Amino acid sequence: MKVLAVLVLCVTLGFSNVDGAVTDAEIKSISERLYSLDSNKASASVLVIDPQALVADSQTSSETDRSSKPLFSFLNENALFSKPTYAALLSVLDNYNRMTGQAENFSSQQLAEQDKFVRETMSNTQVGRELFAFLYNKGIYKSEEDFIQDLKMMWFGLYSRNNNQLDSSGFEHIFAGEIKGGKVSGFHNWIRFYLLEKSGKLNYYSHSFNGPWTTFPDVLGMQFMWDGYYKQVGSAVIGSSPEFDFAIYSLCYITRPGKQCHLSVGGSTLIIQTYTWDNSFYGDGKKFIGSAYPATP
């Protein structure tokens, strides 16, 4: 009956009542399990980064290029990008118009790519299955299909950031990045960063924080220029698999919407800040993801 009561609250009121159902200790425990299960993360043999210049928070707005080389020194694409979850992410990343105020229009194939990404990451990996089992046991979802369908709406459902156009989603904002008000908005995925840097469209300037990890995944707060648009602090988990990023952001949004979410990753604290989108809704009054990203470790 207790589980059922929690489920009724979650379905009726969105995720605002999950806070009491999931404790901080449980979030730290499940995040460590997700970390340990991330078999698709990069290793030092396939990924090498060169963070170079470290700047103070007071210097992040200066738009000064302090690094002479790219952030990514080496990536064995064959070792990672052939994996199903990476391939699924790559197929979705190029489906977006980065300018807010211009409506997104998806083909049937692109909608199928969104569905495949969610299912590959959440149904076909140990990371995704562990996250679902945790949320199911807490009474937040009654079936795996409910979980999948809710993630699809939560992450890929469109809303308007500018000009009353359906121009944005949580996925686009966080994983692909957007341009709003002449600046980069969102953009918190290392694979997207790598691809744009490789293509010559992104110039890495510096970083303002580096997580305590000596292996992947690591966390960086980066300053960069994307085709003439600047990002003051674009934080991301570096070297993690797509399923790990998707899982920890979903975990934090579902359990701590609009708040700081304290994870434990490899024995060290990782804080994820989430934001709800409050101007439009899906389902029975549920809120889309506005943003989610690593805060300063």
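The values are calculated or read from the model by the stated rules, or taken from the named source; none is laboratory data. On a predicted model such as this, the values are computed, not experimentally measured, just so you know. Cβ sites come from the backbone with ideal geometry, for glycine too, and all protein chains shown count toward neighbours. Remember, those area values only see protein heavy atoms, side chains included, never the ligands or the DNA or RNA. Shrake-Rupley method; radii C 1.70, N 1.55, O 1.52, S 1.80 Å.
Output the helices (runs of 4 or more DSSP H) that fall wholly within region 110-225 and possess 3 or more residues being hydrophobic (A, V, I, L, M, F, W, C), open to solvent by 10 Å² or more (accessible area, probe 1.4 Å) and under 24 Å from Val265 (Cα atoms), or say none.
Fully inside region 110-225 and qualifying: 126-137.
When region 259-268 is examined, which residues are found to be assigned to a strand (DSSP E or B), out of contact with any helix residue (DSSP H, G or I) (no Cβ under 7 Å at 6 or more places or on another chain) and open to solvent by less than 70 Å² (accessible area, probe 1.4 Å)?
Ser268
Checking every residue in region 43-55 against the condition of being in contact with a Leu (Cβ under 9 Å, 6 or more places away or on another chain), farther than 26 Å from Ile140 by Cβ and polar (S, T, N, Q) gives at least one match.
Looking across region 99-109, the residues that are open to solvent by less than 50 Å² (accessible area, probe 1.4 Å) and either on the phi < 0 side of the Ramachandran plot or acidic (Asp, Glu) (or both) come down to Thr100, Ala103, Glu104, Phe106. Before we move on, is Tyr249 assigned to a strand (DSSP E or B), modelled with pLDDT of 95 or more and not polar (S, T, N, Q)? No, not satisfied. Only residues that are over 18 Å from Ile238 (Cβ atoms), open to solvent by 30 Å² or more (accessible area, probe 1.4 Å) and in a strand (DSSP E or B) were counted across region 269-285, and they come to 7. The requirement of being of a type outside the set (Phe, Trp, Tyr) and farther than 21 Å from Phe81 by Cβ is not satisfied by Pro242. Among the criteria (1) small (Gly, Ala, Ser); (2) more than 21 Å from Phe246 (Cα to Cα); (3) open to solvent by less than 40 Å² (accessible area, probe 1.4 Å), the one Ala44 does not fulfil is (3).
Of all the numbered requirements in (1) assigned to a helix (DSSP H, G or I); (2) open to solvent by 30 Å² or more (accessible area, probe 1.4 Å); (3) modelled with pLDDT under 95, Ser16 misses one, and that requirement is (1).
In summary, Ser240 fulfils each of the numbered conditions (1) within 21 Å of Pro51 (Cβ to Cβ); (2) of a type in the set (S, T, N, Q); (3) in a strand (DSSP E or B); (4) under 14 Å from the mean Cα position of the chain (by Cα) with the single exception of condition (3). hydroxyl-bearing (Ser, Thr, Tyr) and more than 18 Å from Asp150 (Cα to Cα) - does that describe any residue in region 270-284? Looking through region 270-284, none of the residues is hydroxyl-bearing (Ser, Thr, Tyr) and more than 18 Å from Asp150 (Cα to Cα). The single residue among Trp226, Trp190 that is in contact with a helix residue (DSSP H, G or I) (Cβ under 8 Å, 6 or more places away or on another chain) and modelled with pLDDT of 95 or more turns out to be Trp226. Selection of region 52-76 for residues being part of a loop (DSSP other than H, G, I, E, B), under 21 Å from Ser241 (Cβ atoms) and open to solvent by less than 50 Å² (accessible area, probe 1.4 Å) yields only Leu71.
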